[in-house]
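> Take a look at this one; I'll ask things after.
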């Protein structure tokens, strides 16, 4: 029979072996282990104490007063009924208010993609509706004793900068759509490089571009596309770069990194996006008359109603009908240049002879008046009364950065171009 002393000795031996074995990997560091006997635990006398406590009187929650918040985005083709259904709103009075009241006019004009939040009761009755209007203001429509009321909170705008890169596969618009570049930024891109690149004629598959542009956000939602800060376009292997520079409080323009104006005295084309259906030629078969005649301009095929822009600052010298050109506008520029815009469906409001116009102003809309087989714009470029090929003529430059502002410009240009250099090969990025 083992005594308590024997058991204690065997127990200590087992502990030593366990410690020794577990210490083998550490023998190179530790030389010995000591076993310190555990202190004796003294028994504790516990005394049971019973104490009365008072519990708070919790009222039962009334499920009938519960409310729910839901959020949805406006989808293409949405109707009021469909949007309210997704928001779980079942309220005839709310539907009537949103459909016809002046206070909900901005709600009826919401663009696709805008977020709408609705607070409803258990039965689907509308308690509140929140959304951002197209200008970034927050609109809150709330249930009141007399029906529904709307109030507007001013926008809390935050500026963000995005950089996106794309590659031409078919057209500029298709490439910008593929990378989700906003339409407003795509139009700016075409305008910036429009003096150097004819986007109807010069684009080639594999051309690449990178754009750094501003976006205004309100409460985390995009509300407005700002200006392009910097852009790069590689066309037919030649690289073009442009940066925006604010010359003073009210004026800014785009320049090359060296300070040369990107704003040519003339735009290369009076249409943003189209295709050349007939080029400049000394002899061609007239599509209507069926005879060989010179074609001293360029025809751009485009849908009826497409906006036509004047290609340079000038003074309107003719507005009206003129033979085969149909509805036509003629503009004189700098004393020696004249541009002609023919086959217009109609003229822009207010266009008249003697009126001063600025580059990019809308002067009319594409049509098929006069001798035309379909809707297109006939565009002519004259120097001292002689027609020249608008696609090939050398265009005069704009005004460069002044010497007094060159230092400030170079600092701005360096900052903007650094954004492009860092992210040129990235399809999408955001900058703080």
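We did not get these values from a lab; they are worked out from the coordinates using the rules stated. Remember, it's a predicted structure, so these values are computed and weren't measured experimentally. Because the Cβ atoms are built from the backbone with ideal geometry, glycine has one as well, and the counts that use them run over all protein chains shown.
> Considering every pair of different Cα atoms, what Kirkwood radius, in Å, is found for segment 215-278?
This gives a value of 14.7 Å.
> Rule-of-thumb check for segment 316-361: C-alpha Rg over 2.2 N^0.38 Å?
Taking N as the residue count of segment 316-361, the ratio is 1.10.
> Using every Cα-Cα pair within segment 67-153, state what percent have a distance larger than 20 Å.
Cα-Cα pairs of segment 67-153 separated by over 20 Å account for 24 percent.
> So, one more: Starting with the highest mean, order 92-102, 150-160, 326-336, 183-193 by the number of other Cβ atoms within 10 Å, averaged over the residues of each peptide. Provide the component values of the computation, followed by the final result.
Values: 92-102: 14.5, 150-160: 13.0, 326-336: 18.3, 183-193: 20.0.
The packing order, highest mean first, is 183-193, 326-336, 92-102, 150-160.
> Among 307, 296, which comes first, second and so on when ranked by fewest other beta-carbon atoms within 10 Å? It would help to have the intermediate numbers written out before the result.
Values: 307 14, 296 17.
Neighbour counts put them in this order, fewest first: 307, 296.
> Now for a separate question. Any idea what log10 I(q)/I(0) is at q = 0.19, 0.23 Å⁻¹ for segment 151-199, Debye with uniform C-alpha scatterers and no solvent?
Reported log10 I(q)/I(0), two decimals: -0.70, -0.89.
> Got a sec? How would 144, 137 order by Cβ neighbour count within 10 Å, fewest to most?
144, 137
> May I pose another question? Taking the Cβ of each residue in 71, 317 as the centre, tally the other Cβ atoms inside 10 Å and list the residues starting with the fewest.
Details: 71 12, 317 16.
Listing 71, 317 from fewest to most nearby Cβ atoms yields 71, 317.
> Using alpha carbons only, what's the Rg to Rh ratio of segment 61-108 with Rh from Kirkwood?
Answer for segment 61-108: 1.04.
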